[in-house]
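These notes are about the structure you will find just below.
Bear in mind that the values in this text are calculations on the coordinates, not laboratory data. Here the structure is a predicted model, which is why all the values come from computation and not from measurement. Quick reminder, even Gly has a Cβ in these numbers, built from the backbone with ideal geometry, and neighbours come from all protein chains shown.
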């Protein structure tokens, strides 16, 4: 493999910039700066010299000998003073060395995967960890990055392999009397597997929402105080407010961190009958987005009946409480009722995240659902004497292949370019 290098920290002026080098020529590349004989896994303060022998920088140098490194290869990290001039000169020198090139996006992590330092689920967990903006997203990503999904897959594979082995033992001794009927034990293993997989499949949908954020649609009649409330929650003028009814024509989104949960608030067009073609389009979009949202907040006017079908968790509050004097209402002008609203929204989503799964992506959910389908078929065949053990075992092998795709053992090559393209160059 080529030796690769890249800036692992954010570009631009900074206190410290980290440059990473990985591959068989990492140590030789370090020698190009006049540094030799580094001690593995010890931090060293060294003078780096440019190709003319002049002092380039005084840097911290770390050397990780393979396979005891992030990529599984020899890895060198240079912790430079964060001057753009120093970083540019260092990158230029590395780019002139034979067999050394700039890394592609995510190439360090891809090498870690190819060298067995991580499984595919951990790679996805790392990507989510880098992108996490809230505490809930960080905790979820860290759980996957730590290898918990891979551990679950190993447990599932162990039970499936045991079940398949029992069936194949019957096949191997087809001409002899097998003293024990293996089907009851196989059935018990598959029932246990089905419960575990079904639980993960249900929780994966919630985990996906944590990754991308929950949506709360603010609904109500025109001039019910929706945009004013959105602006108060956002702490800025995200939406236009006016005494003229029908100001909001499109869905306005504001992403927020509510007590550690990622939430996107949707300000929508006021719900009413109208002959204005543009406003009608806005109302149609409002209803569509509200239907897709995870939660709806309806601001009710005095004597009004909600103009939208609401669910059990949805919240109904009297709007413009500063004008109506409703003690239980809410106001985006004064902030009345806002702390209680945030508490209610957080409570609803906290209950949903309590069932969050270790499987966090739609890809994970699809693989698990494929495995469940195979297990369901196998269980039905177990109860039907027309099906032989070899056919049932093939269903189990199909389930194993579906689970193997979760951690990158099989059938994932087409996914790799897409996954790693989301990484920054230095990762």
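Tabulated data for the structure shown
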{"quantity": "Size descriptor, Kirkwood hydrodynamic radius, that averages inverse alpha-carbon separations across segment 213-353, Å", "calculated": "15.0"}
{"quantity": "Selected from 25, 15, 408 as most flexible by GNM, with the chain as the system and alpha-carbon contacts under 10 Å", "calculated": "15"}
{"quantity": "Among beta bridges that DSSP assigns inside the chain, antiparallel share in %, nearest 5", "calculated": "60"}
{"quantity": "For the chain, built as a Gaussian network whose Cα springs stay under 10 Å, the top-fluctuating residue of 270, 125, 99", "calculated": "99"}
{"quantity": "Chain lengthening between residue 370 and residue 104 when straightened (0.36 nm per residue, less Cα-Cα)", "calculated": "92.5 nm"}
{"quantity": "Hydrodynamic radius (Kirkwood) for segment 1-63, which is based on Cα pairs only, to one decimal in Å", "calculated": "12.7"}
{"quantity": "Extension gain, residue 250 back to residue 161 (0.36 nm per residue minus Cα-Cα distance, nm)", "calculated": "26.6 nm"}
{"quantity": "The chain - percent relative contact order, Cα under 8 Å, separation 6 or more", "calculated": "18"}
{"quantity": "Calculated FRET value between residue 42 and residue 138, using beta carbons and R₀ = 30 Å, to 0.05", "calculated": "0.50"}
{"quantity": "Amide N proximity, segment 19-39 versus residue 91 label position 7 Å along Cα-to-Cβ, cut-off under 14 Å", "calculated": "19-21"}
{"quantity": "Debye-sum result for segment 59-147 in log10 I(q)/I(0), which assumes one identical scatterer on each alpha carbon, at q = 0.15, 0.16 Å⁻¹", "calculated": "-0.76, -0.84"}
{"quantity": "Gaussian network model of the chain, springs between alpha carbon atoms under 10 Å - residue of 349, 308, 108 with greatest fluctuation", "calculated": "308"}
{"quantity": "Per residue Cα convex hull volume in Å³ - calculated over the chain", "calculated": "217"}
{"quantity": "Estimated distance in nm for a label pair at residue 316 and residue 16, the labels positioned 7 Å out from Cα along Cα-to-Cβ", "calculated": "5.7"}
{"quantity": "Extension gain from residue 333 to residue 169, taking 0.36 nm per residue of separation minus the Cα-Cα distance", "calculated": "51.7 nm"}
{"quantity": "Simple label model, 7 Å out from Cα along Cβ direction - residue 52 to residue 275, nm", "calculated": "8.0"}
{"quantity": "Length-normalised contact order for segment 213-353 - Cα pairs under 8 Å, 6+ apart - percent", "calculated": "27"}
{"quantity": "Helix-only mean residue ellipticity at 222 nm for the chain, each DSSP H run of n ≥ 4 adding -39500 (n - 2.57), per residue, nearest 500", "calculated": "-15000 deg cm²/dmol"}
{"quantity": "Pairwise label distance in nanometres, residue 398 with residue 191, each label 7 Å out on the Cα-Cβ vector", "calculated": "2.3"}
